[in-house]
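Read the figures in this text as sums done on the coordinates, not as results from a lab. No experiment lies behind these values; they were computed from the predicted model shown. Note that each Cβ is placed from the backbone with ideal geometry, even for glycine, and that neighbours are counted across all protein chains shown.
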Amino acid sequence: MVGRAFVAVCIISAMSACSGASKPERVSCTRKYGLVISDRSHDSLRSAIDKTNLILSQSVSFQLYDALRTPAQSNDRESVPVYLIEVDPPGKHGPAFIPRNERCILLDAQQVADIRIVFSAGAKGATKRLPDEWYIVLTLLHESGHLSNNESGSMREETRFGDSSFNTAQNSVKIREMLADDFAAKQLRDALGDKANPQRAEAALLGALTVSVVNMNFVVYRVETDTSLSRPVQTYFDTGYSHENLELRTLRMSAVLSPERFGPILEQYEESRRRHENTR
Ligand SMILES: [Zn+2]
């Protein structure tokens with residue numbers, strides 16, 4: 001998940017390469033880009049990393065680790081560092097991103113502190129009821145989807161209100177984001193059915209529940225705010241070219257987790273968006 005300053009990060013990276021300053025050894029993701037590691041509490045993050053690793057299936061070639069700790073040496077899977085960084089201004093890349101051509105996840109410390117607000121996307125309410133770590137788990141599972149697909153540099157584009165085309169416009173970035181969500185949902189689904197590892201199944205259950213809570217929160221918000229049934233409310237539409245709206249994203253994930261129950265609702269939702277796209 002992830003503006004303008006990110007482009008600057010890429011430019012810095014390119015300058016480094018052009019000046020010959022890049023070194024053959026692997027430089028930390030933050031040192032390379034001059035990013036500031038946060039000194040805020042890592043408790044929720046550490047717990048979320050542990051739970052994400054528990055949920056990721058054995059067939060995934062990597063595990064995550066808190067960059068301030070030593071990576072686990074126990075297996076032959078790749079260890080991918082997760083950094084909590086201070087971003088100025090906070091949120092310009094979204095809650096998390098992977099620098100171009102890197103294998104690390106950078107989390108915006110302020111966005112992490114406000115993670116329940118991030119996941120409510122303006123629709124206040126029930127998202128406050130779950131511990132922060134579960135929203136961080138969903139964020140890490142999504143970024144793991146990018147890593148699994150060997151992607152990096154995904155960014156959130158500028159919001160362009162007034163242009164009605166972006167709601168239904170498809171592009172390669174949106175598709176990549178959709179695939180990362182799909183990866184996250186499939187990891188949860190796989191773990192939910194892991195009878196040999198009840199601890200993993202339980203973690204996935206709480207992750208799946210978090211997806212439902214985020215999605216249902218939008219439903220309640222819509223009922224409270226949509227006083228005109230003749231026109232769609234804002235929450236039906238995407239807010240930029242790079243990501244579909246969070247309501248649709250969580251509904252899609254629910255449809256992966258339970259196709260029989262959520263598949264028809266997803267179809268109805270998509271049909272409604274198509275019907276209203278020219279009336280917005
Ligand atoms: Zn993403």
Whole-Hz Karplus couplings 3J(HN,Hα) for the range 43-49, θ = phi - 60° and coefficients 6.51, -1.76, 1.60, Gly and Pro as x, run 4, 4, 5, 4, 4, 5, 5
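Show me the ranking of peptides 245-253, 99-107, 65-73 by mean Cβ neighbours inside 10 Å, starting with the highest. Numbers along the way, then the final one.
Details: 245-253: 22.9, 99-107: 20.3, 65-73: 14.0.
Ranking, from highest mean packing down: 245-253, 99-107, 65-73.
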Between their Cα atoms, which of Lys32/Lys92; Lys51/Lys195; Lys92/Lys186; Lys92/Lys174 are more than 26 Å away from each other?
Lys92/Lys186
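Between Thr70 and Arg40, what length comes free when the chain is fully extended (0.36 nm per residue of separation minus the Cα-Cα distance, one decimal in nm)?
Net length gain for the segment: 9.0 nm.
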Calculate, in nm to one decimal, what Glu86 and Glu202 gain on full extension: separation in residues at 0.36 nm each, minus their alpha carbon distance.
38.5 nm
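Could you sort the peptides 132-144, 34-46 by per-residue average Cβ neighbour count (10 Å cutoff), highest mean leading?
Taking the mean over residues of other Cβ atoms within 10 Å, the ranking is 132-144, 34-46.
Could you give the length gained by full extension between Arg31 and Val219, i.e. 0.36 nm per residue of separation minus their alpha carbon distance, to one decimal place? Walk me through the numbers on the way to the answer.
Numbers: separation 188, 0.36 × 188 = 67.68 nm, distance 4.26 nm.
The span from Arg31 to Val219 would gain 63.4 nm if fully extended.
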Hey, what do the phi angles of the range 142-148 turn into as Karplus ³J(HN,Hα) couplings, whole Hz, using 6.51/-1.76/1.60 and θ = phi - 60°, x for Gly and Pro?
4, 5, 4, x, 5, 4, 4
